[in-house]
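Notes to accompany the following structure.
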């Protein structure tokens, strides 16, 4: 069962209180972005290192999603670089998921729904890439 | 079954398949024809150059709060002769990365208004997909012209005042009001965003520009939020930084779907912009803001004029 909707804010103290209630969502979204960047940057560093060590050229085009996994299995540096770029590109999506979950936890259905709508629009864009 | 493959001087490829003989003639990319070591040396030089240019673009962008894309795309298209669509795709990935790094800090400081970001983001993301679909199919001259005009607007916007007055409170039917602790004054700043309808219209336009040009849209959204929507500068920057990352996800995946993300451009651009983004804020603290604004306005004016002229087939000396 969701929490009751917060009361109407009227003064500065109410807004400070409202921001305080969102504190866990801020913290979670910030952590998600920070860790997602670390993972993406780590993958990119690994891919670039493999590229330099093995002398494999980078591709001139990011591989379609379906070809990246086989490329990783084959141990190609380009596969690791492609995965790193895609991971970095998707990082804000993880943060929006965290924000949507935060609004749901607060019982703020309006903004949870809006966050899900944003995710749906991003899914449409990612869907175009999957159809490639 | 793997064919026996014979490669003749980079001109044709002869494939002889057991049982089912067939002759295939394929065009081979020029860089494959060159001596491998020479080809790799060229790639490395260009990679380092793009990385260095991206770092400079990020230093300039972070000093102005515009992000790296505003400088990156014109510089690598005008001086490296890279296809503007490849440059825009790379810039979109760069903007996402910059936003991820920047937003983590803004979220910790609670400058980001998450409710305002989500309400504006719906139209911005839709606008970005539309803009990106236009961008990938547009004649490069159209991209040059629109980008040039945006840069000229950005140069003019350097003269726009920033509103530092205490934001007004009042009716808040959409519960968008928020507060953050300003470390400069050690006080809590509370505000209620106004004119949401206008903000939705502007953000959808910013999304279209962002999708078409690979810039984050902060160049439009920060002044709009601050001057028109009653959002304090720090909250406008924090909210915009979070939003531009989400907007650029929509853009980047459309460019990816169309095969316009080139890792040989994206990787050095991401690394360069990340490094430059660390240096820019430190330099800003040491330099005088007024002189910086004038210098950057002149750079934007030069790049904007160059792109508009390029749209009409005129290439200035020193450009490709």
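The values are calculated or read from the model by the stated rules, or taken from the named source; none is laboratory data. Since the model is a prediction, treat every value here as computed from it, not as a measurement. With ideal geometry, Cβ positions are generated from the backbone for all residues, glycine too; neighbour counts draw on all protein chains shown.
Quick notes
- Test for residue B:214: is it away from chain A (no Cβ under 11 Å) and either under 18 Å from residue B:90 (Cβ atoms) or buried (at least 24 other Cβ atoms within 10 Å of the Cβ) (or both): yes
- Residue B:87 vs. criteria modelled with pLDDT of 90 or more, more than 9 Å from every other protein chain (Cβ to nearest Cβ), out of contact with any strand residue (DSSP E or B) (no Cβ under 8 Å at 6 or more places or on another chain) and assigned to a helix (DSSP H, G or I): yes
- Of the helices (runs of 4 or more DSSP H) lying entirely inside the stretch B:225-320, those containing at least 3 residues that are closer than 26 Å to residue B:120 by Cβ and at pLDDT below 90 are B:233-257, B:263-286.
- Residues within the stretch B:114-123 that are more than 9 Å from every other protein chain (Cβ to nearest Cβ) and either buried (at least 22 other Cβ atoms within 10 Å of the Cβ) or free of Cβ contacts under 8 Å to residues at least 60 places away in the same chain (or both), tallied: 2
- Members of the stretch A:17-30 that are facing chain B (nearest Cβ under 8 Å) and surrounded by fewer than 19 Cβ atoms within 10 Å (Cβ to Cβ): A:23, A:27
- Condition check for residue B:51: at pLDDT 50 or above, part of a helix (DSSP H, G or I) and closer than 28 Å to residue A:53 by Cα: yes
- Test result for residue B:143, part of a helix (DSSP H, G or I), modelled with pLDDT of 85 or more and farther than 22 Å from residue B:118 by Cα: yes
- Scanning the stretch A:42-58 for residues that are surrounded by 18 or more Cβ atoms within 10 Å (Cβ to Cβ) and closer than 28 Å to residue A:127 by Cβ, we see that the one that is nearest to the other protein chains (Cβ to nearest Cβ) is A:58.
- Boolean, residue B:105 is within 13 Å of the chain's Cα centre (by Cα), closer than 24 Å to residue A:84 by Cα, at the interface with chain A (Cβ under 10 Å from one of its Cβ atoms) and in a helix (DSSP H, G or I): no
- Helices (runs of 4 or more DSSP H) completely within the stretch A:60-132 that count 2 or more residues being at the interface with chain B (Cβ under 7 Å from one of its Cβ atoms) and buried (at least 21 other Cβ atoms within 10 Å of the Cβ): A:77-106, A:109-130
- The residue list B:131, B:81 contains one member that is more than 10 Å from chain A (Cβ to nearest Cβ) and out of contact with any helix residue (DSSP H, G or I) (no Cβ under 9 Å at 6 or more places or on another chain), which is B:81.
- Scanning the stretch B:242-263 turns up no residue that is more than 12 Å from chain A (Cβ to nearest Cβ) and either without any contact (Cβ under 8 Å) to a residue 12 or more places away in the chain or crowded, with 17+ Cβ neighbours inside 10 Å (or both).
- Among the residues of the stretch A:99-113, those that are at negative phi and out of contact with any helix residue (DSSP H, G or I) (no Cβ under 7 Å at 6 or more places or on another chain) comprise A:101, A:105, A:108, A:109, A:110, A:113.
- Lone qualifier among B:130, B:136, B:73 - being assigned by TED's automatic domain parsing to the domain that holds residue B:264, surrounded by fewer than 24 Cβ atoms within 10 Å (Cβ to Cβ) and either in contact with a strand residue (DSSP E or B) (Cβ under 6 Å, 6 or more places away or on another chain) or within 23 Å of residue A:82 (Cα to Cα) (or both): B:136
- So residue B:60, is it closer than 24 Å to residue B:244 by Cβ, assigned to a helix (DSSP H, G or I) and at pLDDT below 80: yes
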